[in-house]
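To keep things clear, I will list the structure first and then write my remarks on it.
Bear in mind these aren't lab numbers, they're just calculated from the coordinates by the rules spelled out. Just so we're clear, the structure is a prediction, and the values are computed from it rather than from any experiment. Please note: Cβ atoms are built from the backbone with ideal geometry, for glycine as well, and neighbour counts cover all protein chains shown.
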Amino acid sequence: MRVAVNTPVNTLFDYLPPDDHTPVEPGMRVRVPFGRRRLVGVVVAVADASELPRGKLKPALEVLDTQPLLDAALLELLTWAAAYYQHPPGEVIAAALPVNLRQGAAAVPEKLLHWCLTPQGAAVACADLARKAPVQAEFLQTLANQGQCDAGALRAINSNWRKTMALFEERGWVSCGEAAPDDTDSVRDEPPLLTEFQQQAIAAVPDTGFSACLLEGVTGSGKTEVYLHLIAQQLAAGRQSLVLVPEIGLTPQLLERFRRRLGACLAVLHSGLTDAQRCDNWLRARSGEAQVIIGTRSAIFAPFPAPGLLIVDEEHDASFKQQDGFRYSARDLAVWRGRQLNIPVVLGSATPAFETLHNALASRYAHLHLPERPGSARQPEVNIIDLRTYQPTDGLSAPLLAAMRKHLEAGDQVLVYLNRRGFAPTLLCPECGTSEECQRCDARMVLHQQRNRLVCHHCGSERLRELLCSQCQTELVPVGLGTEKLEQRLTGLFPDHPLVRIDRDTTRKRGELERLLDSVRNKDARILLGTQMLTKGHDFPDVTCVAIVDSDQGLFGTDFRSGERLAQSILQVAGRAGRGDKPGEVWLQTWYPEHPLLNTLLHQGYDAYAEQALNEREQTMWPPFAHLTLLRAECARKDVLFRLLEQARAAAVPLASSDIRILGPASSPMERRSGRYRAQLLFHAGNRARLQQFLPVFRAAVAALDDARRVRWSLDVDPIELF
């Protein structure tokens, strides 16, 4: 039998069946001897013969499953993905399994426990416990508010939750019981009246059979409503639906809406779950108990025994592409899996990726449109603030502050967008110009004033804030603007209007993002300040004003996708305004109001900008009109790194067909990161098939080079970032 073992070796391993003659089928897990270790692998194929002599084959130690854990279709998807993305099959198949199953745990759901307050505990919760034991008080108050909590909800309060619950049980304050995995609600929301465009979109998606559909709808146009109707049709036919979302932060809001509308059993898969929760949801999807599966990127590998529909929401989002290890695109695999399973695939976005838009314009995908917001909601009015005329103070100009004040005084909410966290991007010496640099990266250290730390946002290294310049002993000055500094400024300007800041620094604690978003929806917060985390599908009906503090990030980027990403982020964040009954406004600050990207985007719309940009891509032969693969490499020694890449280029020349261009080797834009030098070779081809024929041969040639073991290298097929 051929077994995929979770190792970075680009091959399957041959083993004999176990000595006890337990039946083995593809898709089952087996425990096998691997050197001095005992590892868990997945049987990919059962064969009568091996290229190795029988005397060198070892028997598997045990079979862990009584039936295949991965069905034939899922194994085929994973095998194809390993070949296409040039990644070891053992690591690819391991990536599709929850950690517990990967380590050999039994494929049976664990008991789902929940904790409830007893009458005695409810009395204590009402007492003044916060002063004496604030953590205990928080547990009790959460249980009182929610009625019951599972392990994940309790862990979000404090990692030491087990000890606290044991203490509460001993005191008779809580009771613990097994919870049935029931996601249905007794009362279900009635669907709203559909617009004509929503009805047309729903009718255009077939119930069965493969069809890739781009659902392009302006922000707030009701794409989720279309998803819900399509899923309801699949539920009525007894089929499952798989929904991919770009961020963990979107899942609680989406889950609640799906539960209240569909009354279906849901399974959630994302990295914010515990290993036990993820494993349980995966098994519920595999058994068919979960009728709707919602998850982030890796959920594309979820088991899908009764396939009916596959949806990728915000399909343009870069987070659907894995950026390290197994570098797959969940969006592209969704289309492949839809064709494999012969089911419809819906790719939804207000700002489609150019690759998706190109496929729709070429009639490879059906192109469905939602050009209007439903009801009385309208697209927000966009206002440009020329910073050459209105000089900003701490990033805020007078017209922007006046607009914010008007909306706040009217009782509405304001969203302020700045895609730069921290207090200031750098500390600078005004005397000699020295700035605080990361010692491991070619990057400046970012000041986080609340923690009094300098932090590198690339490698994560930290150190205490420096007060004086190491060269001339002059006092260092914070330069630039981050969300932390902007929060300080806005709090001082609008002290009567509560503010919440949402970025990676404020949402590290489990459950904190959901709490902050709830405070916005409940109108406890009036000003919402944040980074790109806020651009991805959130619905804030009371936000009537969006302030884009710095719209110039990306205008002059070196990557050919910089303009596309900037256009998407501007329109996505602008789309948070005016989603309710009140009209919305967007105020965009820029030093370059005449820039052609901004003018086309704001005056003619995303499609007009995309048409211009696609014409430029076609003339210069960049994706989607060409296909790319990067050989990425990094090493502590620069000479060894470039020696390997030069040897790799020399090996590639006789292997590549004439239409494959080899560019490089060249240093990455950030040459040194985490103490290692980085460089790359770029392969550019007009024909995807010929590039795919070249890659496995080239990969084997690189692996055979003497320096390949001294350098960390990988192939990135269809890269979305060229650095």
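How big is the charge dipole of the chain about its Cα centre, in debye rounded to the nearest 20, if each Lys and Arg gets +1 on its Cβ and each Asp and Glu gets -1 on its Cβ?
Charge dipole, the chain, about its Cα centre: 1860 debye, nearest 20.
With +1 assigned to the C-beta of every Lys and Arg and -1 to the C-beta of every Asp and Glu, and no other charges, what is the dipole magnitude of region 196-370 about the Cα centre in debye, to the nearest 20?
360 debye
For a quick protection proxy, order the peptides 194-200, 50-56 by their average other-Cβ count within 10 Å, most packed first.
Packing order, densest peptide first, comes out as 194-200, 50-56.
Where both partners of a DSSP beta bridge lie in the chain, what percent of those bridges are antiparallel, to the nearest 5?
Within the chain, antiparallel bridges account for around 55 percent of the total.
What does the highest-first list of 663-676, 413-426 look like by mean Cβ count within 10 Å?
Ranking the peptides 663-676, 413-426 by packing returns 413-426, 663-676.
Over its Cα atoms, what ratio of radius of gyration to 2.2 N^0.38 Å does region 420-573 give? Mind showing how you got there, number by number?
Numbers: Rg = 17.3 Å, N = 154, 2.2 N^0.38 = 14.9 Å.
My calculation over the Cα atoms of region 420-573 gives 1.16.
With respect to the cross-link table entries K406/K536; K321/K509; K223/K523; K485/K582; K321/K638; K321/K536, which display a Cα-Cα separation exceeding 22 Å? All intermediate terms of the calculation are to be shown ahead of the outcome.
Numbers: K406/K536 26 Å; K321/K509 25 Å; K223/K523 25 Å; K485/K582 30 Å; K321/K638 28 Å; K321/K536 15 Å.
Beyond 22 Å between Cα atoms: K406/K536; K321/K509; K223/K523; K485/K582; K321/K638.
Using the number of other C-beta atoms within 10 angstrom as an exposure proxy, rank R501, R643 with the fewest first. Walk me through the intermediate numbers first.
Values: R501 23, R643 18.
Ranked by crowding around the Cβ, least crowded first: R643, R501.
Using Cβ contacts closer than 10 Å as the measure, can you line up I93, I157 from fewest to most?
Numbers: I93 28, I157 19.
The order, fewest Cβ neighbours first, is I157, I93.
Tell me, Kirkwood radius of region 647-723 from alpha-carbon pair distances, in Å?
It is 13.4 Å.
Output needed for region 211-339: three equivalent-ellipsoid semi-axes, defined as square roots of 5 times the C-alpha gyration tensor eigenvalues, in descending order, whole Å. Show your work: numbers first, answer last.
Working: eigenvalues 75, 70, 44 Å².
In descending order, the three semi-axes are 19, 19, 15 Å.
Of L691, S569, Q200, which is farthest on the positive side of the dipole of the chain, counting Cα position, with +1 on Lys and Arg Cβ, -1 on Asp and Glu Cβ, and the Cα centre as origin?
L691
How much length is gained if the chain between V640 and Y390 is pulled fully straight, taking 0.36 nm per residue apart and subtracting their Cα-Cα distance, in nm to one decimal?
Going from the current span to full extension adds 84.8 nm.
Along its principal axes, what span do the Cα atoms of region 343-411 show, with the longest given first and each in whole Å?
Cα spread of region 343-411 along its principal axes, largest to smallest: 52, 32, 17 Å.
Hey, can you rank 679-690, 628-639, 468-479, 574-585 by average C-beta count inside 10 Å, highest first?
574-585, 628-639, 679-690, 468-479
Which whole-number percent is the relative contact order of region 409-536 (Cα, under 8 Å, 6+ apart)?
RCO, region 409-536: 32 percent.
Run the helix sum for the chain: -39,500 (n - 2.57) per DSSP H stretch of 4+ residues, divided by residue count, reported at 222 nm to the nearest 500 deg cm²/dmol.
Per the formula, -9500 deg cm²/dmol.
Once you charge only the Cβ atoms, +1 for Lys and Arg and -1 for Asp and Glu, what is the size of the charge dipole of region 360-444 about its Cα centre, to the nearest 20 debye?
360 debye
Taking +1 at the Cβ of each Lys and Arg and -1 at the Cβ of each Asp and Glu, which of S657, T434, L113 sits farthest along the dipole of the chain towards its positive end, judged by Cα position relative to the Cα centre?
T434
Can you find, among G209, S221, A45, the residue sitting farthest towards the positive end of the charge dipole of the chain, where Lys and Arg contribute +1 and Asp and Glu -1 at Cβ?
Checking the options against the dipole of the chain, the answer is A45.
Mean separation of Cα pairs under 8 Å and 6+ residues apart, divided by the residue count of the chain: what relative contact order is that in percent?
11 percent.
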